[in-house]
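Chemist: Before we start, here is the structure in question, set down as structure tokens.
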Amino acid sequence: MNSKKTVNSKITLKEAMAIGIGGMVGGGIFAVLGLAVSIAKGGTPVSFLLAGILALITSYSYVKLSKKYPDRGGTVKFINKGFGKSVFSGSINNLLWISYIIMLSLYASAFGSYAPNLLQITHSRLIDSHIYANAIIILATAINYYSIKVVGKIESYAVVIKLIILIGFITIGAYGLKDTNNLVQLTISNWETPIHILAGGMVIFVAYEGFELIANAAPDIDNPERNLPKAYYYSVIFVIVLYIIITIVTIGLLPFKTITIAQDYVLAEAAKPTLGNTGFTIITIAALISTFSAINASLYGGSRVNFEIAEDDELPHHFLAQFWNQPIGLLITAISTLILVNTLKLESISTAGSIGFLIIFGIVNYVGYKLSNKIDANKLIPLIGIVLSTIALLILVNQQYKSNFLGVLISISIILACFLIEWIYKKSKH
């Protein structure tokens, strides 16, 4: 009787895939599709493919590390396994936590961009978007304080709803492509340079980072030997295909000029040619559900990461304190998100998030390479991951340095702050 109960409480392959897909198809695609098109133009589907390949290669290291070291700390634990509990590992783990905060800002910013399409509060779209972004962070924080169970419930329903709507968008949009002349935008003559296409993929790399949430669930996954690799690979491949088709349909339905004007809510705009205002409203609602569920899950994930780092003695033990029966990190994560979303533009948020995760994934690939004998991994795949993460990071920084200097400056400041804080903390302990 008891053993049956234990099996039932385990996470199935389907649920593990839902965690990965839900983490990736959060606010990412709604927030950054317009941004990617503005950089790569007709080559945007290739941008999404390149970013997806990097995520897929990195997921190999995650599979091997999750099987060998299943732990709810996920990425935090892998980095500590690779480098011990040092200033370096502590700094990178702090960067992971801050990258969660940046992702939260991205999702809240996307929520704020879509919501005024349904209901305007003031006469200024900018003020409205800030009001909505702040309100959704406060609401999600309240739900996280009220009950973690509710967060899980919202997440499981939201994954299904947003996938149904996105697949509906693809189906109806594809049908509408026969009446459009915009498909010509996808021809190679309308692609940006290879560097721009790669840069476009890396700016929106944040749209793929969510697969790493599977690592946190690894200890609870049923038959991990068989199900962990499938959960990672299937969810990443599914999302690559989904993103590429969404991108093709969007560029096929809308001229580049319209995409630029509606950059922050481009998916809703893309539903207009075939479904008119009804389609616009349906996709807007899907975007709000998606971004809200992503904010909910990321708030929980971010406060967990913060707690794990403090538990591993890489942040002061004050972070282990409770506030209203939840780790204090939840409140700090929420307040930090409110500050970011009100001070930075979408492109700067996206750039900072992508730089953070490219560094983290490059380091996880390095851990996979370093521990390849212990975790029974093929050394070559993590090595390719390291090289590709590094190249991608350099191209992204170089491209954004020219067009979004502030975003690069913020990213470098965040990384330096992570190291400085960790060094001061470690020094003060001796």
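Chemist: Quick test of your reading of the structure: residue 26 fulfils all but one of (1) in contact (Cβ under 8 Å) with a residue 60 or more places away in the chain; (2) assigned to a helix (DSSP H, G or I); (3) over 20 Å from residue 396 (Cβ atoms). Name the failing condition by number.
Modeler: Every condition holds for residue 26 apart from (2).
Chemist: Can you work out which of the residues in region 301-325 that are of a type in the set (Phe, Trp, Tyr) and free of Cβ contacts under 8 Å to residues at least 40 places away in the same chain is most open to solvent (accessible area, probe 1.4 Å)? If you could, list the steps in order and put the result at the bottom.
Modeler: So in region 301-325, the residues of a type in the set (Phe, Trp, Tyr) come out as 307, 319, 323-324.
Within this subset, residues satisfying the condition of being free of Cβ contacts under 8 Å to residues at least 40 places away in the same chain are 307, 319, 323.
On the way: 307: 39, 319: 39, 323: 75 Å².
Here the residue is 323.
Chemist: Looking only at region 279-300, how many residues end up being open to solvent by less than 10 Å² (accessible area, probe 1.4 Å) and of a type outside the set (A, V, I, L, M)?
Modeler: The total comes to 6.
Chemist: Give the residue that is surrounded by the fewest Cβ atoms within 10 Å (Cβ to Cβ), with candidates limited to residues of region 35-48 that are among the hydrophobic types (A, V, I, L, M, F, W, C) and over 16 Å from the mean Cα position of the chain (by Cα).
Modeler: In this case the residue turns out to be 46.
Chemist: Let me ask another. Kindly check whether there is at least one residue in region 404-415 that is over 18 Å from residue 78 (Cα atoms), open to solvent by 70 Å² or more (accessible area, probe 1.4 Å) and in contact (Cβ under 8 Å) with a residue 12 or more places away in the chain.
Modeler: Residues of region 404-415 that are over 18 Å from residue 78 (Cα atoms), as a first pass: 404-415.
With open to solvent by 70 Å² or more (accessible area, probe 1.4 Å) added as a condition, the list becomes 405-406, 409, 412.
Of the ones still in play, those that are also in contact (Cβ under 8 Å) with a residue 12 or more places away in the chain are 406.
Yes, region 404-415 contains at least one residue that is over 18 Å from residue 78 (Cα atoms), open to solvent by 70 Å² or more (accessible area, probe 1.4 Å) and in contact (Cβ under 8 Å) with a residue 12 or more places away in the chain.
Chemist: Return the only residue of 122, 141 being without any contact (Cβ under 8 Å) to a residue 40 or more places away in the chain and at negative phi. Step through it out loud before you land on a result.
Modeler: Values: 141 fails: without any contact (Cβ under 8 Å) to a residue 40 or more places away in the chain.
None of the other options fit; the residue is 122.
Chemist: Let me ask something additional. Which residue out of 267, 299 is within 30 Å of residue 428 (Cβ to Cβ), of a type in the set (A, V, I, L, M, F, W, C) and in a helix (DSSP H, G or I)?
Modeler: 299
Chemist: Out of all the residues in region 270-280, is one or more touching a residue at least 40 places away in the same chain (Cβ under 8 Å) and within 27 Å of residue 139 (Cα to Cα)? Spell out the reasoning first.
Modeler: Within region 270-280, the first condition is being touching a residue at least 40 places away in the same chain (Cβ under 8 Å), and the residues that meet it are 270-271, 273-275, 279-280.
Still in the list and also within 27 Å of residue 139 (Cα to Cα): 279-280.
So far as region 270-280 goes, yes, one or more of its residues are touching a residue at least 40 places away in the same chain (Cβ under 8 Å) and within 27 Å of residue 139 (Cα to Cα).
Chemist: Might you let me know whether region 120-129 holds any residue that is part of a helix (DSSP H, G or I) and open to solvent by less than 10 Å² (accessible area, probe 1.4 Å)? Before the answer, list the steps.
Modeler: Taking region 120-129 as the starting set, the residues that turn out to be part of a helix (DSSP H, G or I) are 125-129.
Right, trim to open to solvent by less than 10 Å² (accessible area, probe 1.4 Å) and you get 128.
Checked against the condition, which is being part of a helix (DSSP H, G or I) and open to solvent by less than 10 Å² (accessible area, probe 1.4 Å), region 120-129 yields at least one hit.
Chemist: From 193, 171, grab the single residue that is among the polar types (S, T, N, Q), surrounded by fewer than 24 Cβ atoms within 10 Å (Cβ to Cβ) and closer than 23 Å to residue 278 by Cα.
Modeler: Values: 193 fails: closer than 23 Å to residue 278 by Cα.
Going through 193, 171 in turn, the sole match is 171.
Chemist: Which condition from (1) among the polar types (S, T, N, Q); (2) touching a Gly at 6+ places or on another chain (Cβ under 7 Å); (3) open to solvent by 70 Å² or more (accessible area, probe 1.4 Å) is the one that residue 400 breaks?
Modeler: It is condition (3) that residue 400 fails.
To keep it simple, each residue is scored yes or no on (1) out of contact with any Ser or Thr (no Cβ under 6 Å at 6 or more places or on another chain); (2) more than 30 Å from residue 369 (Cβ to Cβ); (3) open to solvent by 20 Å² or more (accessible area, probe 1.4 Å).
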residue	(1), (2), (3)
74	yes, no, no
90	yes, no, no
140	yes, yes, no
150	yes, yes, yes
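Chemist: Does region 54-64 contain at least one residue that is in a loop (DSSP other than H, G, I, E, B), open to solvent by less than 30 Å² (accessible area, probe 1.4 Å) and either touching a strand residue (DSSP E or B) at 6+ places or on another chain (Cβ under 8 Å) or not basic (Lys, Arg) (or both)? Show your work before the answer.
Modeler: Of the residues in region 54-64, the ones in a loop (DSSP other than H, G, I, E, B) are none.
Checked against the condition, which is being in a loop (DSSP other than H, G, I, E, B), open to solvent by less than 30 Å² (accessible area, probe 1.4 Å) and either touching a strand residue (DSSP E or B) at 6+ places or on another chain (Cβ under 8 Å) or not basic (Lys, Arg) (or both), region 54-64 yields no hits at all.
The values are calculated or read from the model by the stated rules, or taken from the named source; none is laboratory data. As the structure is a prediction and not an experimental result, all values here were calculated from the model. So basically every Cβ, Gly included, is an ideal-geometry build from the backbone, and we count neighbours across all protein chains shown. SASA here: full protein model, heavy atoms, side chains in, ligands and nucleic acids out. Shrake-Rupley method; radii C 1.70, N 1.55, O 1.52, S 1.80 Å.
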